[in-house]
Amino acid sequence: MVFNSWLTERIHQIKDQNLYRELTVMTSGPAPKVTINSQNQLVFSSNNYLGLAADERIIAASRSAAKVMGIGSSGSRLTTGSNIWHQRLEEKIASFKQTEAALLFSSGYLANIGVLSSLAEKGDVILSDELNHASIIDGCRLSKAKTVIYKHVHLKDLETKLKETQKFNKRFVVTDGVFSMDGNIAPLDQIISLAKAYNAFVIVDDAHGTGVLGANGRGICEYFGVQPDVLIGTLSKALGAEGGFVAGSYILKNFLLNHARSFIFQTALPPCICAASVKAFSIIEEDKRRRESLVAKSTFIRTRLRELGYEVKGTVTPIIPIIIGGTKEALNFSKRLRQYGIFAPAIRPPTVQEGESRIRLTVTAEHSYEDINQLIEAFKLLSTNDEVTK
Ligand code: PMP
C-alpha cells in the first residue's frame, strides 16, 4: 500500500461525509472583529468569554515575567521547570476556587486525562455523562477502570448505574460543569448528593464555568454552593490564556504530582503564561461587569433567535448552540453566515451526535449590541432563505 494514496482515500471518505476539516487563519489577535481572507468578520464562536485574551494589563504582566524568566520553562515541573510563577498561579487558583491546593497542567485536556488515568484504577468504575468532553472520554480510555456511560444529565439513569456498579472498588462520577457543545449546566448539587449516597467520588470539569458562573465567577461550585472531590479547569477560555489545572486537597495534589503521567512527562507551562493567568484571575475578582454583561447578552440572543424559530439550546451560559441537523446543512449555514460577516463554524460529528450538527455561537463581554444586532439580522435573513438548508 502506498502511504499517500491511503491517506488520500481516507480524506476523500471524510469529504464525502461532509466531515472534512480545515484551518481558518486569523491575521489579528482575539477580538470580535477580525480579518479572514481579507474579509471583515465578526467572530461569534470564540471561548474568550470575558474578552481577556488581548487585555493590555494581562499582556503587560506576561511581558514583565518573560523579561525576567524567559519564554520556555525548559523542563518538567519535577525536574528543572518549576518556578515562582507556577507557585503563585497555583496559590491563586486555590484561593479563587476555595480549595486547599491546585496543580497546573499544560492544558485542560492534559488535566482531564491525567486525573482520570491516575485516579481510576483497575477494578474501579467511572460513570461518565454521555455528552462529556473528548478529553474526559480519552481520560476514561487511558484509565484501566471500566467506563459506564449514563444518559445526559439524567439523574435517574445515573442512580440506576450507581446501583448496578456496587461491586467495583472505587467509583467515580465524572461530568462537565457546563457542556461545551450544548451550553447547559450539569445539576452538580444533585449529582454530588447522589454520588455521596452511593459512596462514589465526583470529578467535575469546569472548563466553561470558570470566570463565568457564580456571583464571583468562581465557577460551577460557587453557582451551586458545593465542592466535588476533584475540580478540573482550564485557563484557555474565560481566562484568555492557556493551561489546565486541578483544584482540591493537598493530598490530591500530591497524588497527582506523583502519578499523573500527563503532569510528570510534560514540560511545565511558560512562566509568562502563568503571570498572565494570575493577572486574569485578579481582573475577574475585581470586575463583575464583564460577567454580568455576558448573561444579559446571551439571554438576549437566545430569546431573539427562538423568536425567529431556531432550535436554540442551553441556558444562561455564553454558549448558544443552534441545531441545524445534517452535516451538509450545517456547513452551508456557516458558509452563508460568513457571507453576512459572521464567523461561526459548523460543529459536526464526532464532536456532536449524528443528526445534531450545529452552529455553536458564543458571545463575549466584548461584543457590542451593534455586533449582536448584526448577528440577529443575519439569522433573520437566513431563516427566510430556503437555499441555506439544501
Ligand atoms: N474540557 C472541556 C469541557 C472543554 O471544552 C475543553 C476545550 N475545548 C477542554 C476540557 C480542554 O481544555 P484545553 O483547551 O485547555 O486543553
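Since every read-out is calculated from the coordinates, none of them should be taken as a lab result. Quick caveat, the model's predicted, so the values are computed rather than measured. With ideal geometry, Cβ positions are generated from the backbone for all residues, glycine too; neighbour counts draw on all protein chains shown.
Taking 0.36 nm per residue of sequence separation and subtracting the Cα-Cα distance, how much length would be gained by fully extending the chain between ARG289 and GLU121, in nm to one decimal? Write out the running numbers ahead of the final one.
On the way: separation 168, 0.36 × 168 = 60.48 nm, distance 4.36 nm.
That pair, ARG289 and GLU121, stretches by 56.1 nm at full extension.
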* Net lengthening on full extension, GLN87/ASP138 (0.36 nm per residue, minus Cα-Cα) -> 15.5 nm
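Just the ratio, please: alpha-carbon radius of gyration of the chain over 2.2 N^0.38 Å, N its number of residues. Walk me through the numbers before you get to the answer.
Values: Rg = 21.3 Å, N = 390, 2.2 N^0.38 = 21.2 Å.
So the Cα radius of gyration is 1.00 times the expected 2.2 N^0.38 Å.
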* To do: Pull up the DSSP beta bridges for the chain and report the antiparallel fraction as a percent, rounded to 5.
  => 55
* Structure fact -> Computed ³J(HN,Hα) along the range 42-47: with the Karplus parameters 6.51/-1.76/1.60, θ = phi - 60°, integer Hz and x for glycine or proline, the list is 9, 7, 10, 8, 8, 8
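Assigning unit charges at the beta carbon (Lys, Arg +1; Asp, Glu -1) and nothing else, what dipole magnitude in debye, to the nearest 20, does the range 36-189 show about its Cα centre? All intermediate terms of the calculation are to be shown ahead of the outcome.
Details: 18 positive and 16 negative charges, 91 e Å.
The dipole magnitude comes to about 440 debye.
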* Asked: Can you give the net charge of the other residues whose Cβ lies under 10 Å from the Cβ of SER249, counting K and R as +1 and D and E as -1?
  -> -1
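Work out the length of the dipole vector of the chain about its Cα centre, built from +1 on the beta-carbon of each Lys and Arg and -1 on the beta-carbon of each Asp and Glu, and round it to the nearest 20 debye. Spell out each step's value before the answer.
Working: 46 positive and 39 negative charges, 81 e Å.
Here the chain has a charge dipole of around 400 debye.
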* Euclidean distance between Cα centres, the range 18-63 to the range 136-185, Å -> 33
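To the nearest 0.05, what FRET efficiency results for GLU130 and THR267 with a Förster distance of 35 Å applied to their C-beta separation? Display every interim value, and only then the final one.
Numbers: r = 34 Å, r/R0 = 0.97.
Calculated value: 0.55.
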* Structure fact -> By the mean-Cβ-within-10 Å protection proxy, highest first, 336-349, 65-78 rank as 336-349, 65-78
* Asked: Which listed residue (LEU142, ASN169, LEU131) has the Cα farthest towards the positive end of the charge dipole for the range 124-179, taking +1 on Lys and Arg C-beta and -1 on Asp and Glu C-beta about the Cα centre?
  -> ASN169
* Asked: Could you state the number of Å between the C-alpha centres of the range 259-302 and the range 331-369?
  -> 23
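From the cross-link list LYS144/LYS196; LYS146/LYS170; LYS144/LYS237; LYS97/LYS163; LYS170/LYS196, which pairs have alpha carbons spaced over 20 Å apart? Can you show the working numbers first?
Values: LYS144/LYS196 23 Å; LYS146/LYS170 11 Å; LYS144/LYS237 30 Å; LYS97/LYS163 31 Å; LYS170/LYS196 12 Å.
Distance filter (> 20 Å) returns LYS144/LYS196; LYS144/LYS237; LYS97/LYS163.
Of all trypsin sites (Lys or Arg not before Pro) in the range 115-168, which ones are in loop regions per DSSP and have a Cβ with at most 15 other Cβ atoms within 10 Å?
On the way: sites: LYS122, ARG141, LYS144, LYS146, LYS151, LYS156, LYS161, LYS163, LYS167; in loops: LYS122, LYS144, LYS151, LYS167.
Loop-located and lightly packed - LYS122, LYS144, LYS151, LYS167.
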* Structure fact -> Rounded to 0.05, the calculated FRET efficiency for the beta carbons of ASP189 and ASN258 at R₀ = 45 Å is 0.90
* Suppose R0 equals 45 Å; then what is the FRET efficiency for THR299 and THR8 from their Cβ-Cβ distance, rounded to the nearest 0.05? -> 0.45
* Structure fact -> Two pseudo-spin positions, 7 Å from Cα along C-beta at SER249 and at LYS15, lie apart in nanometres by 5.6
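Where nothing but the Cβ of Lys and Arg (+1) and of Asp and Glu (-1) is charged, how large is the charge dipole of the range 1-103 around its Cα centre, in debye to the nearest 20?
Working: 11 positive and 8 negative charges, 45 e Å.
Approximately 220 debye in magnitude.
Give, in nm to one decimal, the length gained when the segment between GLU164 and GLU329 is fully stretched (0.36 nm per residue of separation minus the Cα-Cα distance). If you can, show how the numbers build up before the last one.
Numbers: separation 165, 0.36 × 165 = 59.40 nm, distance 4.07 nm.
Once the chain is fully extended between GLU164 and GLU329, it gains 55.3 nm.
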